[in-house]
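Student: If you scroll down you'll find the structure; I have some questions about it.
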Amino acid sequence: GDAEGSAKVLRSLLSNVIRDPFETKFRKVNLENKVIASKVGSFPPCVAILKSVGFAVDEDGVALVLGKGKRGVNIAPLLVARDCIDKWIDQNRYKIAAAARKRKDEVERARLSAEAEAAAADADEEEEEE
């Protein structure tokens with residue numbers, strides 16, 4: 001779903017910094033980028049997660065920057081956040097799969113019930129004909 005799409009984008013933003021904490025381009029998130037705007041920027045909880053690990057709004061107001069002016073950044077909070085996102089994605093997928101199984105079971109039960117009713121109606125008709 002949409003929430004999972006946002007979670008995946010957040011996850012890759014965090015992973016880029018974790019993989020290369022000295023690369024400044026990974027530590028700047030352009031909120032005007034189309035994908036970032038639609039998956040992250042338009043959802044306050046996503047922006048809050050980035051801010052919680054140290055990203056701050058740049059002077060221009062169109063980007064979030066981590067460790068501005070620093071050579072590298074502490075990746076520990078990013079690792080924790082990424083872990084939480086992974087857990088959420090797993091739980092979310094489990095819930096979606098469980099809901100899909102439940103719907104499938106309900107459809108199957110309804111089909112069996114309809115077949116049973118049809119069979120009972122046929123049996124009633126046969127009795128009437130005798």
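Student: If you go through segment 73-110, how many residues are more than 12 Å from the chain's Cα centre (by Cα) and within 29 Å of LYS28 (Cα to Cα)?
Tutor: 11
Student: Counting just the residues of segment 76-130 that are among the polar types (S, T, N, Q) and within 30 Å of GLY54 (Cβ to Cβ), which one comes out surrounded by the fewest Cβ atoms within 10 Å (Cβ to Cβ)? Talk me through it step by step, then tell me what you get.
Tutor: Taking segment 76-130 first, the residues among the polar types (S, T, N, Q) are 91-92, 113.
Going one step further and asking which of them are within 30 Å of GLY54 (Cβ to Cβ), we end up with 91-92.
Details: GLN91: 10, ASN92: 14.
Applying the filter and picking the extreme gives GLN91.
Student: What about ALA100, is it hydrophobic (A, V, I, L, M, F, W, C), modelled with pLDDT of 90 or more and more than 25 Å from ALA7 (Cβ to Cβ)?
Tutor: Values: hydrophobic (A, V, I, L, M, F, W, C): yes; modelled with pLDDT of 90 or more: yes; more than 25 Å from ALA7 (Cβ to Cβ): no.
Spelling it out, it is not the case that ALA100 is hydrophobic (A, V, I, L, M, F, W, C), modelled with pLDDT of 90 or more and more than 25 Å from ALA7 (Cβ to Cβ).
Student: Still on this structure, I have one more. Could you give every pair whose Cβ atoms fall below 8 Å, whose first residue belongs to segment 47-65 and is of a type in the set (D, E, K, R), and whose second residue is open to solvent by 40 Å² or more (accessible area, probe 1.4 Å), counting only separations of at least 6 or pairs across chains?
Tutor: If the second residue must be open to solvent by 40 Å² or more (accessible area, probe 1.4 Å), the pairs left are ASP58/LYS28; ASP58/LYS68.
Student: Any idea which of VAL62, VAL40, VAL53, VAL29 is of a type in the set (Val, Ile, Thr) and under 30 Å from ALA100 (Cα atoms)?
Tutor: Values: VAL62 fails: under 30 Å from ALA100 (Cα atoms); VAL53 fails: under 30 Å from ALA100 (Cα atoms); VAL29 fails: under 30 Å from ALA100 (Cα atoms).
Within the list VAL62, VAL40, VAL53, VAL29, the selection yields VAL40.
Student: Okay, next question. For segment 3-39, what are the residues that are without any contact (Cβ under 8 Å) to a residue 12 or more places away in the chain, over 16 Å from ASN74 (Cβ atoms) and among the charged types (D, E, K, R)?
Tutor: Answer for segment 3-39, where residues must be without any contact (Cβ under 8 Å) to a residue 12 or more places away in the chain, over 16 Å from ASN74 (Cβ atoms) and among the charged types (D, E, K, R): LYS25, LYS34.
The values are calculated or read from the model by the stated rules, or taken from the named source; none is laboratory data. Only a predicted model underlies this, so the values are computations on that prediction, with no experimental measurement involved. Heads up, the Cβs are rebuilt from the backbone with ideal geometry, glycines too, and the neighbour counts pull from every protein chain shown. Each accessible area value is taken on the protein alone, full model and side chains, heavy atoms only, with ligands, DNA and RNA left out. Shrake-Rupley method; radii C 1.70, N 1.55, O 1.52, S 1.80 Å.
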